[in-house]
Amino acid sequence: MARVQALARVAALEAGVPAAVLLATAYAERRLQLPRAPAAGAGWIQLLPWRPTRSAFSVAPVLGLSRDAIYAKPELGLRAAAQLIAHQGALHGAHLDDPLSWRDALAAWNGATFEESDSLYAEDIMDIVAHGLSVMNTDGSTVETRRSPDRPREAPAVSARPDDVVGDERVPFLRGSDAAGLPLAVEPRRVRYVVIHTMENTFATIVDFFRRPTTGVAAHYLVRARDGFALQMADERAVVFHDACFNEESIGIEHEGYLADGPLWFSDAMYRESARIVRGIALRHHIPLDREHVLGHSEAPDCSEHSDPGPHWDWKRYMQYLREDE
């Protein structure tokens, strides 16, 4: 049994949380891996001091531990996360014997700025719980949880598209904001390139980040790793700041995951949905589907030093999917 699964069972039993919920949360946030370069509180499940529902401050006395110890040791961070999720479970009527009853508790525990982000976060975890886990860790150990296939899949948290937005009509639209806190401005321009990014974070976190009025960056599309679920956050006619000096003629697509994790987040579902979106962009803007016009962030001729999507992005497979309907 994997170390994280054994520790999750103990933490879940101590707190009164279904182990399947705790493991699904760890999978959604970190793919059951510890960060290669951990910062304070960067364990299997993130503890965030600036979000009261996710902060170790309130739970440290309950566990009889110092906050520094909780943030420094992943196994203690897992116990703290379990306690905090359990607290929300008690407030939202979740049941220990029903893992699928924890949706509202997880949304509350996430504690983001925008309700849509919390809803996306909780729905992702509930879908993982429903399907169960069978994951081979990098150390060769396996994490497994049971399926709960009786759960009806809920509609995405955001599903309505404005009629006047240019983009992929199959992708839900959720408007982001530019640095001035205003809707991203639409202006006449010629789109000639698509730039592929990795988020260096999770999908729901970046949704929240891109919606804040104080955020000075954006992207046109976001794609989730596990199932390829996508959101459009800016009209394709809008110039958004996604690539330093290379924004005027490009559309940016952000993909969930971390460069340091290698190919761990780059699922086939992600590649296929991203490629489908790019095929539509190319059709609408008359962009050739080749490597001169579909670029990685590190390849764009801008003034930044980014290295994403990195050496583990499978360009051969991606380009094959891009050309499937040609």
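The values are calculated or read from the model by the stated rules, or taken from the named source; none is laboratory data. Remember, it's a predicted structure, so these values are computed and weren't measured experimentally. With ideal geometry, Cβ positions are generated from the backbone for all residues, glycine too; neighbour counts draw on all protein chains shown. Only protein heavy atoms, including side chains, enter the accessible area calculation; ligands, DNA and RNA are left aside. Shrake-Rupley method; radii C 1.70, N 1.55, O 1.52, S 1.80 Å.
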Those residues of the stretch 84-101 which are crowded, with 20+ Cβ neighbours inside 10 Å and either in contact with a Cys (Cβ under 7 Å, 6 or more places away or on another chain) or assigned to a helix (DSSP H, G or I) (or both), in sequence order: LEU84, ILE85, ALA86, HIS87, GLN88, GLY89, PRO99
Identity of the residue in the stretch 123-140, out of contact with any Pro (no Cβ under 7 Å at 6 or more places or on another chain) and among the small types (Gly, Ala, Ser), that ends up surrounded by the most Cβ atoms within 10 Å (Cβ to Cβ): GLY132
Flag for GLU273 being surrounded by fewer than 16 Cβ atoms within 10 Å (Cβ to Cβ) and either assigned to a helix (DSSP H, G or I) or of a type in the set (Asp, Glu) (or both): no
Pick from the stretch 299-316, criterion of a type in the set (Asp, Glu) and in contact (Cβ under 8 Å) with a residue 24 or more places away in the chain, ranking: farthest from TYR271 (Cα to Cα): ASP302
Wholly within the stretch 14-75, helices (runs of 4 or more DSSP H) carrying at least 3 residues that are open to solvent by less than 20 Å² (accessible area, probe 1.4 Å) and within 23 Å of LEU100 (Cα to Cα): 19-30
Residue in the stretch 215-231 that is open to solvent by less than 10 Å² (accessible area, probe 1.4 Å), under 15 Å from ASP168 (Cβ atoms), hydroxyl-bearing (Ser, Thr, Tyr) and more than 11 Å from the chain's Cα centre (by Cα) present: yes
Test: residue in the stretch 296-313 that is over 29 Å from MET136 (Cβ atoms), hydrophobic (A, V, I, L, M, F, W, C) and either in a loop (DSSP other than H, G, I, E, B) or at pLDDT 95 or above (or both): yes
Residue ID - least open to solvent (accessible area, probe 1.4 Å), chosen from residues in the stretch 188-214 that are in contact (Cβ under 8 Å) with a residue 60 or more places away in the chain and aromatic (Phe, Trp, Tyr): PHE203
Answer from ASP150, ASP163, ASP168 - the residue that is farther than 19 Å from GLU256 by Cβ, at pLDDT 75 or above and either open to solvent by 30 Å² or more (accessible area, probe 1.4 Å) or not aliphatic (A, V, I, L, M) (or both): ASP163
